[in-house]
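Below you'll find the structure, written out as structure tokens, and then a few comments.
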Amino acid sequence: MKAFQKAVEARCALALSRLLADPDDAELEELRAGCLAHSLGWDAFHTGAAISPLLSGEDILRQEWESGRMDARAQVRLDEALEEMNACPTCFSGSGDPCHFHG
Ligand SMILES: [Zn+2]
């Protein structure tokens, strides 16, 4: 799904969540909106895209977008750390634990 479509979808799900009478249905739509915003934030970390105006006007969507971006950054750092440890001659050498420097 393209970023714009996803942002439209997120905004629509949030709008729908406010219209639904059943609180469970409403919560599910709100979660879906949050998930979409989170995934857009994740993608944005990699593409450098700015937050869509469709999301930025809604606190919950803006927060999820930001948290997606932070999670993507954390994942990259983790990948880098693991890569470094894999390349380190003393990490996991026999003991199964990282060395002093990387532990
Ligand atoms: Zn090490």
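Every read-out reported here was derived from the displayed coordinates using simple, explicitly stated rules and does not represent laboratory data. The structure presented is a predicted model; accordingly, all values stated were derived computationally and were not measured. Cβ: placed from backbone, ideal geometry, glycine included. Neighbour counts: every protein chain shown.
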In the list PRO53, PRO23, which residue meets the criterion of being without any contact (Cβ under 8 Å) to a residue 12 or more places away in the chain, touching a helix residue (DSSP H, G or I) at 6+ places or on another chain (Cβ under 9 Å) and surrounded by fewer than 12 Cβ atoms within 10 Å (Cβ to Cβ)?
PRO53
Among the residues of the range 85-101, are any more than 16 Å from the ligand (Cβ to nearest atom) and among the hydrophobic types (A, V, I, L, M, F, W, C)?
no
Within the range 62-103, the residues that are under 30 Å from LYS6 (Cβ atoms) and charged (D, E, K, R) are ARG62, GLU64, GLU66, ARG69, ASP71, ARG73, ARG77, ASP79, GLU80, GLU83
